[in-house]
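Okay, so here's the structure we're looking at.
The values are calculated or read from the model by the stated rules, or taken from the named source; none is laboratory data. Since the structure is predicted, the reported quantities are computational estimates derived from the model, not experimental observations. Quick reminder, even Gly has a Cβ in these numbers, built from the backbone with ideal geometry, and neighbours come from all protein chains shown.
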Amino acid sequence: MSGHSTYEFKNPIARWVDQRLPILSVVRGQLVDFPTPRNLNYWWTFGGILATMLVIQIMTGIVLVMHFTPHTSMAFDSVEHIMRDVNWGWLLRWMHANGASFFFIAVYIHIFRGLYYGSYKSPREILWMIGVIIFIAMMATAFMGYVLPWGQMSYWGAVVITNLFSAVPVVGDYIVQWLWGGFSVANPTLQRFFSLHYLLPFVLAALVFLHVWALHVTGNNNPDGIEVKSEQDTLPFHPYYTMKDLFAILVFLMVYAAFVFYSPWYLGHSINFAPANPLSTPAHIVPEWYFLPFYAMLRAIPDKLGGVIVMFSSLIILFFLPWLDTSKVKSLKYRPLARQFFWLLVIVCLVLGIAGAQPAQGAWLLVARLATAWYFIHFLVILPLLGFIEKPKPIPASISEAVLGKAKA
């Protein structure tokens, strides 16, 4: 499935260049002739959507950096300068701010699609693990970027999240002091976060390159979870999937544009329009919406160290998913019992997100604890057991047979 191209370029200049540096053959083999399962649906277009959003974030970020001042006394005013005085600065700022949210919308859909169709199973374990690393790097990048405007929620979010590392035995205080650049969240903290926020998107781009490379070695998974057996099972990536991806990207960008132009701060916090004030603590400190499920897990545990362990474990457990799921059938399309538990997991994650936005007290605290417990039960108990007790439906012999509807019991 490496997608090597044997195409002979007709243009003499292209042929001359390719004979000496076969970059054109590589591009054609990976982006044009690459054999792709013929039954991919629109859930597979989110990879292209994510690549598009990454490019938007990097391009808008590079321009915004030209006008941003990473200093506590000027950061907030420099953002206002971008909004008011820089040509099209308001558009760049809202594209970047809302782009982070839509980046996470796409990545969450991408992850749950992988969970539903078993894209983490052999031979795609490395592909899945690189994807988890990308997700964690995204979270770090987004958190540091949210601190940069130096508004009230930005400042206090930095105080709360960085303080979590103090719970780590022995080295916790040293980690916090390194992140702060001193003994409190101040100007050295902002400059560190600015530097890392500018660097990490390029690290993300490198990880995405590895992710795509791993994908093109093993080939795409597909809705039926059947490996490619013949040329009849595949189609060239272009024009079939380039057009499909392009249509999905345009639809996604239309929704994204609606938020940018008509409701740019809907996914943010109005309190962040006030400059950071270390002497005034907000009544309710809430992170961005895409962190809320993990924030709920953190607060669900009464012990600080326990909460940190649970929160990070909820991410680390995803690395071991290829081995926790003991079923030999990839797609939940043929696993009716596992499919019910999958949708229950989706509901639990949504409940965690809602609970993370509520005060950590009363009924919401209990809900967060129950949802956190079920999250780990799903991966550590339910998935391993289902592989032994569930009887999957009959699977077609090939992708082409599944597409033509010739599967027999």
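Worth a mention:
- Filter result (touching a Gly at 6+ places or on another chain (Cβ under 8 Å), buried (at least 17 other Cβ atoms within 10 Å of the Cβ) and not hydroxyl-bearing (S, T, Y)) within the stretch 296-329: A296, M297, L298, R299, A300, I301, D325, V329
- F34 vs. criteria closer than 27 Å to Q152 by Cβ, out of contact with any His (no Cβ under 6 Å at 6 or more places or on another chain), among the aromatic types (F, W, Y) and surrounded by 16 or more Cβ atoms within 10 Å (Cβ to Cβ): no
- Restricting attention to the stretch 298-315, the residues being closer than 16 Å to P359 by Cβ, in a helix (DSSP H, G or I) and not charged (D, E, K, R) number 3.
- Going through (1) modelled with pLDDT under 95; (2) in contact with a Pro (Cβ under 7 Å, 6 or more places away or on another chain); (3) closer than 16 Å to E288 by Cβ one by one, W94 falls short only on (1).
- The listed residue being within 25 Å of the chain's Cα centre (by Cα) and not in a helix (DSSP H, G or I), out of P149, P169: P149
- Within the stretch 76-91, the set of residues being among the aromatic types (F, W, Y) and not in a helix (DSSP H, G or I) comprises just one member, W88.
- Residues satisfying the stated conditions in the stretch 343-384, i.e. without any contact (Cβ under 8 Å) to a residue 24 or more places away in the chain and over 20 Å from the mean Cα position of the chain (by Cα): Q358, Q361, G362, A363, W364, L366, V367, L370, A373, I377, V381
- Scanning the stretch 207-250 for residues that are of a type in the set (G, A, S) and part of a helix (DSSP H, G or I) turns up A214, A248.
- Residue among Y155, Y174 that is within 21 Å of Y290 (Cα to Cα), of a type outside the set (A, V, I, L, M) and either surrounded by 20 or more Cβ atoms within 10 Å (Cβ to Cβ) or free of Cβ contacts under 8 Å to residues at least 40 places away in the same chain (or both): Y155
- The single condition among (1) in a helix (DSSP H, G or I); (2) buried (at least 19 other Cβ atoms within 10 Å of the Cβ) that R339 does not meet is (2).
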